[in-house]
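Q: Please find one structure pasted underneath; my questions will follow.
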Amino acid sequence: MTPALTRQDEGLLDKLQQLRANIESVFIGKPEAISQILIGLLARGHVLVEDVPGVGKTVLARAVARSIDCRFSRIQLTPDLLPSDILGVSVYNDKNGLFEYKPGPIFANIVLADEINRTTPRTQSALLEVMNEAQVSVEGQAMRLDQPFMVIATQNPFEFEGTYFLPENQLDRFILRIRIGYPSREDERLILRNQPDRAPLEALKPVMHAAEVLRLQELTDRVSVDDALMDYLQDVVEATRRHEAFEVGVSPRGALALLRAARASALLQGRDYAVPDDFKALAIPVFAHRVVSKSYLRDGHMGSNDQIMLEILEQIPVPT
């Protein structure tokens, strides 16, 4: 690392690896998913975890929250949930004759929005300002949320019964959309032996404080990115805008998201500079849910986005 880092900062990078190991102790066999959710945390972003039920989406989110000494809340999204159930509500106090605001569960450092696509679009939209501005507006007053602030949302595939589509502007608020997948046979055996009642998750202890997360986010902002990598990023973004299969390409906000994620990836690997793999490995998780394909407009399926993005990445030369 560069001399600009203090010895205390270098110790934080060691604690970052302890954080990863702590999560891996209960979320077995999926190091890439763990890395991606930590990248979202370092990049001050929110993460959407999309996969079939039962593969550990909630376990991953809870393991992250339990590994950091900060406020955590879980919101179970259901069709009858109202925006006030998330943001809070003003309640009349008979003693003083005034309305008093009772904060909702969104007022936490790490918020698990479980099965976000099972609630109505109206309630989904209540999260938009919170995720974008880290504040809640109630009765004309804006209340800032404490930092760090991260929403980890889980959702089942759209084909499942009882799910609603997330609007494009809300998908754009997630820096990463990640998938977990089924475990290998060996890892599944470990899960069957070690986690019959999720006792290891409940016994998980925090290894990092919220203030240390904030410092790591500051270090992420200082990761250097060469001009050649900036050119590569712009080449990929422009290719999505020109591709015949896409109706809508990656926006400037999407480009900024990949830049922040690549910096976070570098720091997670102990580097103060980004390399091409930081960008290429994260292009699909960052971009695929932001582009709009013509097939999606026609039949409502986003599955082809990943494949088109992969083709684009294979065509664009990687800087050396």
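Q: Of all the residues that make up region 136-149, how many are free of Cβ contacts under 8 Å to residues at least 40 places away in the same chain and either closer than 26 Å to residue 67 by Cβ or of a type in the set (D, E, K, R) (or both)?
A: Summing the residues that are free of Cβ contacts under 8 Å to residues at least 40 places away in the same chain and either closer than 26 Å to residue 67 by Cβ or of a type in the set (D, E, K, R) (or both) in region 136-149 gives 2.
Q: When you scan region 106-172 for strands (runs of 3 or more DSSP E) that lie fully inside it, which ones turn up with 2 or more residues that are surrounded by fewer than 17 Cβ atoms within 10 Å (Cβ to Cβ) and over 13 Å from the mean Cα position of the chain (by Cα)?
A: Here the list reads 135-138, 141-144.
Q: Here's a follow-up. Looking only at region 52-97, which residues are more than 17 Å from the chain's Cα centre (by Cα), part of a strand (DSSP E or B), surrounded by 11 or more Cβ atoms within 10 Å (Cβ to Cβ) and of a type in the set (Ser, Thr, Tyr)?
A: 90
Q: While we're on this one: Evaluate region 281-288: report whether one residue or more is more than 30 Å from residue 9 (Cα to Cα) and not β-branched (Val, Ile, Thr).
A: Checked region 281-288: at least one residue is more than 30 Å from residue 9 (Cα to Cα) and not β-branched (Val, Ile, Thr).
Q: Any chance you could count how many residues in region 237-266 are of a type in the set (Val, Ile, Thr) and closer than 28 Å to residue 13 by Cβ? Break it down stepwise before answering.
A: Here is the first cut: in region 237-266, the residues of a type in the set (Val, Ile, Thr) are 237, 240, 248, 250.
From what's left, closer than 28 Å to residue 13 by Cβ: none.
Selection size over region 237-266: 0.
Q: While we're looking at this one, here's another question. Could you grab me the full set of residues in region 223-258 that are modelled with pLDDT under 95 and farther than 17 Å from residue 286 by Cα?
A: 242, 243, 244, 245, 247
Q: Taking residue 88 as meeting all but one of (1) touching a residue at least 60 places away in the same chain (Cβ under 8 Å); (2) at positive phi; (3) in contact with a Gly (Cβ under 6 Å, 6 or more places away or on another chain), write down the number of the exception.
A: With (1) touching a residue at least 60 places away in the same chain (Cβ under 8 Å); (2) at positive phi; (3) in contact with a Gly (Cβ under 6 Å, 6 or more places away or on another chain) applied to residue 88, the lone miss is (1).
Q: Now a separate question. Being buried (at least 20 other Cβ atoms within 10 Å of the Cβ), among the hydrophobic types (A, V, I, L, M, F, W, C) and not assigned by TED's automatic domain parsing to the domain that holds residue 280 is the requirement here; does residue 47 meet it?
A: Yes; evaluated as a whole, the condition is true for this residue.
Q: Within the group 193, 241, which residue is out of contact with any strand residue (DSSP E or B) (no Cβ under 6 Å at 6 or more places or on another chain), among the basic types (Lys, Arg) and farther than 20 Å from residue 23 by Cα? Give the derivation first.
A: Numbers: 193 fails: farther than 20 Å from residue 23 by Cα.
Result: 241 is the single residue among 193, 241 that is out of contact with any strand residue (DSSP E or B) (no Cβ under 6 Å at 6 or more places or on another chain), among the basic types (Lys, Arg) and farther than 20 Å from residue 23 by Cα.
Q: Another question, if that's okay. Based on what the data block shows, is residue 250 among the β-branched types (Val, Ile, Thr), touching a Leu at 6+ places or on another chain (Cβ under 9 Å) and part of a helix (DSSP H, G or I)?
A: No: the conditions fail for residue 250.
Q: A further question follows. When residue 100 is evaluated against the numbered criteria (1) modelled with pLDDT under 90; (2) in a loop (DSSP other than H, G, I, E, B), which criterion, by number, is the only one it fails?
A: (2)
Q: What number of residues within region 253-280 satisfy the criterion of being surrounded by 15 or more Cβ atoms within 10 Å (Cβ to Cβ), assigned to a helix (DSSP H, G or I) and charged (D, E, K, R)?
A: Count: 4.
Q: Residues to consider are 23, 34, 28, 75; find the one that is closer than 22 Å to residue 202 by Cβ and in contact with a Phe, Trp or Tyr (Cβ under 7 Å, 6 or more places away or on another chain).
A: Selected residue: 34, the only one of 23, 34, 28, 75 that is closer than 22 Å to residue 202 by Cβ and in contact with a Phe, Trp or Tyr (Cβ under 7 Å, 6 or more places away or on another chain).
Q: Which one of 222, 242, 215, 179 is in contact with a Leu (Cβ under 7 Å, 6 or more places away or on another chain) and not aliphatic (A, V, I, L, M)?
A: Among 222, 242, 215, 179, only 215 is in contact with a Leu (Cβ under 7 Å, 6 or more places away or on another chain) and not aliphatic (A, V, I, L, M).
Q: Out of everything in region 164-215 that is without any contact (Cβ under 8 Å) to a residue 60 or more places away in the chain and in contact with a Pro (Cβ under 8 Å, 6 or more places away or on another chain), what residue ends up being nearest to residue 79 (Cα to Cα)?
A: 164
The values are calculated or read from the model by the stated rules, or taken from the named source; none is laboratory data. No experiment lies behind these values; they were computed from the predicted model shown. Glycine gets a Cβ as well: all are built from the backbone with ideal geometry, and neighbour counts include every protein chain shown.
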